[in-house]
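Beneath this line is the structure, given in structure tokens, with notes to follow.
We did not get these values from a lab; they are worked out from the coordinates using the rules stated. This one's a predicted model, so the numbers in the text were calculated from it and none came from an experiment. All Cβ positions, glycine included, derive from the backbone under ideal geometry; neighbour counts span all protein chains shown.
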Amino acid sequence: MARRAMVAGNWKMNGKRQAQGVIEQVVAGLADRGEKAAGVDCILCPPSTLLAGAAERAAGSPLTIGGQDAHAEPSGAHTGDISAEMLADAGAQCVILGHSERRADHGETDAYISAKVAAAWRAGLTAILCLGETEAQRDDGDAVETVLAQLDNSLPEGGTGANLAVAYEPIWAIGTGRTPLLHEISEIHSALRDALIARIGSEAGNVRLLYGGSVKPSNAAEIFAADNVDGALVGGASLKAEDFLAIIDAAAATHA
Ligand code: 13P
């Protein structure tokens, strides 16, 4: 089965209330494109302070809104945290989990991330599970092994094409302007596809594999043409509606 392209934007810790204007511009841009962008699942993940307002603005449009993290528990004494149920209640349909910045800033382990993915599913959210190697791991020839181990340990049982997307984000490519060579991206994505087939069988063919790390309008088309790349998780370039829409256009053209 052909997979729909997916382009998700991760605003990280950026955006005050006026950034809702970017959501409005993306909604308007998608309306202008109509059928031209209809083959792409378009997602923006703003900081949680903006999430409910963003979901209101995106309602009825092809844009969906996601969170950037969720606690593994549905509620309780966890100061500062947000549960998957709360994200869903605010209008999110998906959540980014296991981003390398959370692994680094908050010491998140694969086992903890696995519990969060299960929590996202419990709340009816699609999990965008992030994996990626450090520069040293790539230099040592350990990139494939590292990413596969992360997948193995952070993906609980029960993944489907509807509730899971996997984002390969090499840490050294995030926010640096550097990207792997296309064959390096394909190598990882093909290994991820094979590992998913081993884990979840034919359903693996429906799971979107996203590339993330310095995706921008000028390199999106070539990245989307690489084997087993079904879309992108976009950081900096998703903060500007024009750039984010240009990346969606590239996905729509490649996966038409
Ligand atoms: P950049 O696109 O800014 O490199 O960020 C990628 C990323 O971390 C998305 O989650």
*Just one of A149, A88, A118, A77 is touching a Gly at 6+ places or on another chain (Cβ under 7 Å) and either hydrophobic (A, V, I, L, M, F, W, C) or in a strand (DSSP E or B) (or both); which is it?*
A88
*Considering each residue of segment 203-223, count those that are in contact with a helix residue (DSSP H, G or I) (Cβ under 7 Å, 6 or more places away or on another chain), not in a helix (DSSP H, G or I) and not small (G, A, S), and give that number.*
5
*asked:* Among the numbered criteria (1) touching a residue at least 24 places away in the same chain (Cβ under 8 Å); (2) part of a helix (DSSP H, G or I); (3) closer than 23 Å to A173 by Cβ; (4) of a type outside the set (A, V, I, L, M), which one does G53 miss?
replied: (3)
*State which residue is surrounded by the most Cβ atoms within 10 Å (Cβ to Cβ) when the search covers only segment 222-256 and only residues that are of a type outside the set (D, E), more than 12 Å from the ligand (Cβ to nearest atom) and more than 21 Å from L63 (Cβ to Cβ).*
V229
*asked:* List pairs: first residue in segment 141-153 and closer than 22 Å to Y112 by Cβ, second residue of a type in the set (S, T, Y) anywhere in the structure, Cβ distance under 9 angstrom, at least six positions apart or on different chains.
replied: T146/T134; V147/Y168; N153/T109; N153/S114
_Residue that is nearest to D227 (Cα to Cα), among those in segment 161-189 that are out of contact with any strand residue (DSSP E or B) (no Cβ under 9 Å at 6 or more places or on another chain), away from the ligand (no atom under 15 Å from the Cβ) and not in a loop (DSSP other than H, G, I, E, B)_ = S186
